[in-house]
């Protein structure tokens, strides 16, 4: 089923993908590029990856053009346009070597499942329908650096390299915009927002009895991890990023997340459990302290795949993507063994990210049914580690970032500007995809400032 060509779409003209040579990198000074092109080192000398098997073949194609729905805005340009275009003013075609580079990120981040092998996440036969607000609320926000000046949401788009921005409350979309010639048919990549998706699937596997207890060690489900430090770590502490196994994630091309990325995406790598077994130095007891580590989510993915006995993309389709009434197939990049890269690289259209966010905003309910167990969602979105313990502005739950306001709001976050912000008390969701030039761009905080302005513009709702 996963291997059959993509046949269903919403307002899309589907055309086969034919790779073309990518344009040379230009326009960004060399020193700036060297500081930002983190995993390019990992892919040097790589040839195009062959599909790891039939299940990864034929990912869905992107739309030829926008849907022209009323109330949806499409901008062919965007701020700092010269940094993302070639000498002819076009967005360079990304390849395995270049997709992470700022100059190629517009194409790379909206077509990643055509560049790397991916499993389809099929949508169902029924699509949930969004309503459209007649007017856009008066949303303004301020930043710590603005000296009291407040910006409008349109000014936000003029200041920030967002590829997509959507605001919805309940079943109504109030704002939907695209920049850099992206549109509502492009599947935009998640980066680490995928971690929260993984956590929700683990909760479903627990509810199904496929995972007996999150206090079980990972090696109970993945024998290939037996005797390793990750194998001995309880699932609970993998969920909260507190395994105690040494792992560095600095996005400098020399850290452990670079080694992990090489181990899952390089065409000559083994993928699977071998990708995480290389990290085997315990520096703390499980649960003792928090440390952000993408390897822990990849271990969760190995546990999940072994427990359910089928591809994670298939399970996601059946248990979440179809029940929420997704309008388009999604996709999930896989390693050379066919294992989903569960710490990153899930890909979906903007409105389907909003549908997933609204599922969480509604306590795990969609279409009149409980899709994700309410108790699991409540546990996943409370701070198991506070902001003081993480050393970040956010606290941390189960693979989910928790706002320090203690008002029940939380976020899915990914590098380079990807985010889904959720406030259950308002049943409010903001989806933000972007091509920020660096993994730790300080300007990314402006999206959080915008979110505060969005919350102020919408009332809390009674249940």
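Throughout, read-outs are computed from the coordinates displayed, never taken from laboratory work. Every value quoted in this text rests on a predicted model; they were computed, and no experiment measured them. Note: ideal-geometry Cβ built from the backbone for every residue, glycine included; neighbour counts use all protein chains shown.
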Determine, at each q value in 0.15, 0.19 (inverse angstroms), the log₁₀ of I(q)/I(0) that the Debye formula gives when each Cα of the range 399-463 is one equal point scatterer.
-0.47, -0.72
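For residue 425 and residue 462, compute 0.36 nm times the residue count separating them, minus their Cα-Cα distance, and round to one decimal in nm.
Computed gain between residue 425 and residue 462 is 12.5 nm.
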Note: the range 268-415 at 37 °C, 0.692 mPa s; Kirkwood Rh on alpha carbon pairs; Stokes-Einstein D in µm²/s works out to 194 µm²/s
Tell me the relative contact order for the range 408-463 as a rounded percent, counting alpha carbon contacts under 8 Å between residues six or more apart.
31 percent
Per-selection metrics, the range 234-333 (Cα): Rg and Dmax in Å
15.3, 45
Once both labels are modelled 7 Å past Cα along the beta-carbon direction, what's the residue 82-residue 369 spacing in nm?
5.5 nm
Rg/Rh over Cα atoms for the chain, Kirkwood Rh, comes to 0.93
Which value in deg cm²/dmol, rounded to the nearest 500, describes the helix-derived mean residue ellipticity at 222 nm for the chain, given -39,500 (n - 2.57) per DSSP H run of n ≥ 4 and division by the residue count?
-6500 deg cm²/dmol
Along the Cα-to-C-beta direction of residue 281, a point sits 7 Å from the Cα; which residues of the range 213-235 have their amide N less than 20 Å from that point?
227-233
Counting only DSSP beta bridges with both residues in the chain, what percent are antiparallel, rounded to the nearest 5?
90 percent
If we sort 193-199, 426-432 on the protection proxy, mean other Cβ atoms within 10 Å, highest first, what's the order?
193-199, 426-432
Residue-span extension gain [residue 393 to residue 445] - 0.36 nm each, minus C-alpha spacing:
17.7 nm
In what sequence, highest mean first, do 337-350, 203-216 appear when ranked by Cβ atoms within 10 angstrom?
337-350, 203-216
